[in-house]
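To start, the structure itself, in structure tokens.
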Amino acid sequence: GAYGANVNLMIDTGAWTDPDELADSFERQKGFAYGVQGPPVRQAAVFAAALKTVDCAYQNLESVELGITSIDQYVDTLGGISRAVT
């Protein structure tokens, strides 16, 4: 029911001791795909295969009102995918 990968919540609460836990959370929350049956299904192998092809990760949020330190979506999304790729 939560939106995002929960990486930001893990960092805010200190609920991790190993950086791989951040990657695991990102992969667990974001490794879903929609198929012909309708509802999303976890596709961990497909997601892992896609992450192996990533050479560079960036996040573009175009806003004159928000900066990189204004919101935790940068940590949740870009931090999560960067660690998952690593």
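The values are calculated or read from the model by the stated rules, or taken from the named source; none is laboratory data. Given the structure is predicted, the values throughout are model-derived calculations rather than measurements. Glycine gets a Cβ as well: all are built from the backbone with ideal geometry, and neighbour counts include every protein chain shown.
Some points to look at:
- Residues that are surrounded by 14 or more Cβ atoms within 10 Å (Cβ to Cβ) and more than 15 Å from Arg83 (Cα to Cα), drawn from the range 6-41: Leu9, Phe32
- All conditions in (1) modelled with pLDDT under 85; (2) surrounded by 10 or more Cβ atoms within 10 Å (Cβ to Cβ) hold for Tyr3, with the sole exception of (2).
- Filter result (farther than 17 Å from Thr86 by Cα and in contact (Cβ under 8 Å) with a residue 12 or more places away in the chain) within the range 43-64: Gln43, Leu61
- Residues (at pLDDT below 80 and small (Gly, Ala, Ser)) located in the range 46-65: Ser63
- Residue match in the range 15-32 (condition: without any contact (Cβ under 8 Å) to a residue 24 or more places away in the chain and in contact with a strand residue (DSSP E or B) (Cβ under 7 Å, 6 or more places away or on another chain)): yes
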